[in-house]
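Here's the structure we're looking at; comments come further down.
The values are calculated or read from the model by the stated rules, or taken from the named source; none is laboratory data. Everything numeric here is computed off the predicted structure, so don't read it as measured data. Ideal geometry is used to build each Cβ from the backbone, glycine not excepted, and the neighbour counts take in all protein chains shown.
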Amino acid sequence: MAQRPITAAHDAAERLRRQILQGELKPGASLPGERELSERLGVSRLTQRAALTELQAQGLIEKVHGAGNRVLDYRETGGIELIAYLARQAIDGGVVPLPLLGELLELRRMVAIELLGLVCQRATSEELRALREHRASMQALVDDGHAFMEADLQFARLLVRAGHNLMLELLSNTVRRMVSEHPGFEAAFTVNARATLMVYDRLLELLESRDPTKVRELASRFFEPLDRRTLDRLAEASAIAASARPESERAESRTTASADGEGARKRRRKTTSESPASEVTAREATAREPKAKKKSAADPADSVAKSAADPADSVAKSAADPADPTKKSRVRQ
């Protein structure tokens, strides 16, 4: 999907939006009057009004009768599209936005688990077949970052349509548009592509079992370790890339990152507590790698790729009915 053209109004709105999201313009603050603001932005009053209209539509400011425009708390009034702007600010500063990506993966996981249950109940045979065919076509794209991301988004679209829920389709469209228009998200799709396809294979088998309860249960066990592994690899790649940059650029990135504002710092603290990978250095990532190899065979992240001991993997590989892994235990007995 092509990015929107940059207009003078959009550029002016972007400068104000950056100040709001970074906390330079705090909630409750009033913007300067029309003449002063247009002079600061270096644009005409007409262009300035168009910029303010864009920010109002995004829930960042509101027009107060007789008092100009007031900055709002975007956590209370903003929409999901602001994720892309927050991520781009971090990327422009040379930082991989791991906390934001972690929260986006968390959102995807919560929606996907319930969606898979709906698909299990509502999808037609033709829709399941279309998912299988699309999954097969993705295999050849694992080394093409942008093409794999687009194919993964299309797989998600097919899955959402098979759930036959209009609200989920509209939410999915918003996320798809946001990701497609901001290339900084591409790494989250490609860094763990092969493991992602393995998970899709298992999920498709479970969907064909038509057991929504089991699908939801095992989908959770698939996605959580997959997302952890994705964040780990992104953190390691980010640390390696940062260490290769000149010290002057690294210092500038650290300065930019420190100006994210209180809201971003709260997100980082929250995500760090839930996923230690969010602030990983190259040395920490390397130190953790031997431990990862010693994980229990019951960890779905490693088991999906390596071991038949994982209960979810057994669903796909056991000679028993895929929908009923309890049969495997009866065979052992």
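Remarks
- Note on the stretch 20-45: residues that are among the β-branched types (Val, Ile, Thr) and over 19 Å from Leu60 (Cα atoms) amount to 1.
- Enumeration of residues in the stretch 201-232 that are surrounded by fewer than 19 Cβ atoms within 10 Å (Cβ to Cβ) and within 17 Å of Val142 (Cα to Cα): Asp201
- Residue ranges of helices (runs of 4 or more DSSP H) in the stretch 165-235 with at least 2 members aliphatic (A, V, I, L, M) and at pLDDT 90 or above: 166-181, 193-209
Residues checked against (1) under 23 Å from Arg229 (Cα atoms); (2) of a type in the set (Gly, Ala, Ser); (3) in contact (Cβ under 8 Å) with a residue 24 or more places away in the chain:
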{"site": "Leu52", "(1), (2), (3)": "no, no, yes"}
{"site": "Gly66", "(1), (2), (3)": "no, yes, no"}
{"site": "Arg88", "(1), (2), (3)": "yes, no, yes"}
{"site": "Gln154", "(1), (2), (3)": "yes, no, no"}
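So that you can scan it fast, the table gives a plain yes or no per residue for (1) without any contact (Cβ under 8 Å) to a residue 12 or more places away in the chain; (2) under 20 Å from Arg229 (Cα atoms); (3) part of a helix (DSSP H, G or I):
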position	(1), (2), (3)
Pro99	no, yes, yes
Glu103	no, yes, yes
Glu106	no, yes, yes
Met110	yes, yes, yes
Val119	no, no, yes
Glu126	yes, no, yes
Ala136	yes, no, yes
Glu150	no, no, yes
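- Ile80, sole failed condition from (1) in a helix (DSSP H, G or I); (2) in contact with a Ser or Thr (Cβ under 8 Å, 6 or more places away or on another chain): (1)
- Of all residues in the stretch 30-47 being closer than 18 Å to Leu72 by Cβ and surrounded by 14 or more Cβ atoms within 10 Å (Cβ to Cβ), the one that is farthest from the chain's Cα centre (by Cα): Leu37
- Leu60 vs. criteria in contact (Cβ under 8 Å) with a residue 24 or more places away in the chain and crowded, with 19+ Cβ neighbours inside 10 Å: yes
- Scope the stretch 143-170; condition within 21 Å of Gln121 (Cα to Cα) and of a type in the set (Phe, Trp, Tyr); matching residues: Phe155
- Meets criteria (in the same structural domain as Arg228 (by TED's automatic domain parsing), touching a helix residue (DSSP H, G or I) at 6+ places or on another chain (Cβ under 6 Å), closer than 20 Å to Arg233 by Cβ and among the charged types (D, E, K, R)) for Glu186: yes
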